[in-house]
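See below for the structure under consideration.
The numbers here are math on the coordinates, done by the rules we state, and not lab data. Here the structure is a predicted model, which means the values were calculated and not measured. Positions of Cβ are generated from backbone atoms using ideal geometry, with glycine treated the same way; all protein chains shown enter the neighbour counts.
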Amino acid sequence: MNKWTLSDSHNQSIVLPNQGYINKVSITDVKGAPMTMIEISNGSLRFTVLLERGMDIGELHLGSEKMSWDRSEDYLLHPSNVDLNESNGTGWMKGFYGAVAAIGPECFGTPGEGFTLHGSGSYSAALPESIQVTWDEECIRIEGRVPVKSREGKLIFEKRIQMSTVWGGTLILREETVRNSSGQVQVLDDGYHIQLSGDFVSQGGRYVLPVNQHELLLRDSAPPEKDPFHIPSKEEGAYPMRCYQYVPGQVAALSNFDNIAPFMSKMNLSRGLTGEMIVNTERTYAGYVIRPLYDFPRSLIAKQIDSSLMFAIEPCRTRPNRMSQKIIDGEALFMREGETLSSCCIIGLSISREEIHNLEHMILSAA
């Protein structure tokens, strides 16, 4: 097992086997705060990890193609430059940048209850001394610890995060283990906002989801759509925000999907797997999300075109309602003092027509 840590500062760039590499990049946000970004390549897929932003994934590339949100770096802010409490808990939007951004682990949902709409996981800095990248003959992985604090600065949760990718592969397994370190019972309410909406969907595309159209609940005041699975092209102009929530079906056929075989032993399969995909009109590029329903039994999609294309998939633990309603409905997950809970999620990319076709067939079979 080979290892690289942040203290190896004399090595800003490390050449790895199989045409892979590690880059350590020091950047400054638009307000002058220093940040550290780790870029990792497995020889095919490369991604950036934002250490001050809860180890979120900043960007995703497959070969020369950027497969994630084409978001202005003006939004890449140090947590000290973001007021999460601003505008009734919507302050997180000023720093909304990541291709894979954590939501939670505090209250996720409607304004009025909880720390912030999307939680502070994406605005909690990783401990520099905990960051390490390791690799062996099979894969490369990055891991670190992220303390999540309350408004008063008291420790609530501690997150251990690990991301793994096999050499030459096209997906990442993100694992999180969360510990309740607050000294009292807490509700764990988490998930991910995953932006697989690069230029490959600029001419339009589709969501491929394991649900029927009537199972999608439109959550905002935008006018209803004839086809909620449709992704409009950039040329169609501005497209108002629309969010749909739903309960994804089990996609049993995913157990035969070869790409996830190296990670099957990491996942809790007691309730099966589910999958969602964004694909372009030509079906030549796609991004997908696969995870155990035990970990994240709910989903949302978010759609908007303004200064950029925003088409997201959001696996989550509960519906984005008020916490009091989640407790009434029996959705809230209570953690005892000192208790730990683990979850995982796969983020994948594809430029194979055959693979995209097969994955689409698997997902739609659940609907």
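Key figures
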| item | result |
| --- | --- |
| Among Leu341, Leu171, Leu254: highest mean-square fluctuation, GNM of the chain, C-alpha pairs under 10 Å | Leu341 |
| Principal semi-axes in Å for segment 171-275 [√(5λ), Cα gyration tensor, largest first] | 30, 21, 16 |
| Mean Cβ neighbour count within 10 Å, used as a protection proxy, ranking 289-295, 39-45, 323-329 highest first | 289-295, 39-45, 323-329 |
| Percent of C-alpha pairs per 10 Å bin, the chain, short to long | 5, 25, 36, 26, 7, 0 |
| Number of Lys pairs (Cα under 15 Å; 8 or more positions apart or on different chains) in the chain | 5 |
| Other-chain or far-sequence residues with amide H under 5 Å of Gly275's (modelled H) | Val251 |
| Spatial separation of Cα centroids for segment 326-346 and segment 6-72, in angstrom | 30 |
| Per-residue HN-Hα couplings for segment 319-326 [Karplus 6.51, -1.76, 1.60; θ = phi - 60°; Hz; x = Gly/Pro] | 5, x, 9, 4, 4, 4, 5, 5 |
| Residue-wise HN-Hα coupling along segment 228-245, computed from phi with Karplus coefficients 6.51, -1.76, 1.60 (Hz; x: Gly, Pro) | x, 7, 6, 10, x, 7, 4, 5, 6, x, 4, 9, x, 4, 9, 10, 10, 10 |
| Mean Cβ neighbour count within 10 Å, used as a protection proxy, ranking 213-219, 197-203 highest first | 197-203, 213-219 |
| Amide H partners (placed H, <5 Å) of Asp190, local residues excluded | Arg317, Thr318 |
| Highest to lowest packing among 235-245, 274-284, scored as the average C-beta count within 10 Å | 274-284, 235-245 |
| Mean residue ellipticity (222 nm) of the chain, computed from DSSP H runs ≥ 4 via -39,500 (n - 2.57), nearest 500 | -1500 deg cm²/dmol |
